[in-house]
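Q: Handing you this structure, nothing more for now.
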Amino acid sequence: MGTMKTQNEKVLGALQTGDKFTVNALAHRTRLTTDQVAKAIHNLKNSGYMVYSNRVKGSAKVEYRIGTPSRRVISAGIAALRAEGISV
């Protein structure tokens, strides 16, 4: 019998394919509700995954993808840590 994946693992697995997904597309692919997908995306971002949110041109929809953070994003993170007194 297989191991059950968490909601976060299901969404992460879909994003790691390299495709872009709307919340509805992720919900369909992972068999989760749109609310569960939104929560998983929030959890992944808070866990350090670089999940990008991009508005679809000419639409109110947002597409999500996972990617590598730019040097600018990493620099901003380091600056924020230093501002909190954390040595990096």
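Q: Within the stretch 1-31, count every residue that is without any contact (Cβ under 8 Å) to a residue 24 or more places away in the chain and within 22 Å of P69 (Cα to Cα).
A: Result for the stretch 1-31: 4.
Q: Suppose we filter S70, S47, S53 for residues that are over 30 Å from M4 (Cα atoms) and either under 10 Å from the mean Cα position of the chain (by Cα) or polar (S, T, N, Q) (or both); which single one remains?
A: Among S70, S47, S53, only S70 is over 30 Å from M4 (Cα atoms) and either under 10 Å from the mean Cα position of the chain (by Cα) or polar (S, T, N, Q) (or both).
Q: Could you give me the residue pairs with C-beta distances under 6 Å whose first residue belongs to the stretch 56-75 and is exposed (fewer than 14 other Cβ atoms within 10 Å of the Cβ), whose second residue is in a loop (DSSP other than H, G, I, E, B) wherever it lies, and which are 6+ apart or on separate chains?
A: As it stands, the answer is K61/T22; G67/M50, since those pairs meet every condition given.
Q: Can I ask one more? Is it fair to say R82 is part of a helix (DSSP H, G or I) and among the basic types (K, R)?
A: Numbers: part of a helix (DSSP H, G or I): yes; among the basic types (K, R): yes.
Taking the combined requirement at face value, the residue satisfies it.
Q: Ok, one more. Out of K5, K20, K39, report the one residue that is at pLDDT below 95, on the phi < 0 side of the Ramachandran plot and out of contact with any Ser or Thr (no Cβ under 8 Å at 6 or more places or on another chain). Walk me through it before giving the result.
A: Numbers: K20 fails: at pLDDT below 95; K39 fails: at pLDDT below 95.
So the residue among K5, K20, K39 that is at pLDDT below 95, on the phi < 0 side of the Ramachandran plot and out of contact with any Ser or Thr (no Cβ under 8 Å at 6 or more places or on another chain) is K5.
Q: Looking at (1) part of a helix (DSSP H, G or I); (2) at pLDDT 95 or above, which is the only condition I74 fails?
A: For I74, the failing item is (2).
Q: Let me ask you something else. Scan the stretch 32-55 residue by residue and report those that are of a type outside the set (S, T, N, Q), over 19 Å from S70 (Cα atoms) and touching a residue at least 24 places away in the same chain (Cβ under 8 Å).
A: L32, V37, K39, A40, I41
Q: Out of V73, V11, which single residue is in contact with a strand residue (DSSP E or B) (Cβ under 9 Å, 6 or more places away or on another chain) and at negative phi?
A: V11
Q: Please go through the stretch 25-77 and pick out each residue that is under 29 Å from V88 (Cβ atoms) and among the β-branched types (V, I, T).
A: Those that are under 29 Å from V88 (Cβ atoms) and among the β-branched types (V, I, T): I41, V51, I66, T68, V73, I74.
The values are calculated or read from the model by the stated rules, or taken from the named source; none is laboratory data. Remember, it's a predicted structure, so these values are computed and weren't measured experimentally. Reconstructed Cβ throughout: ideal geometry from the backbone, glycine too, with neighbour counts over all protein chains shown.
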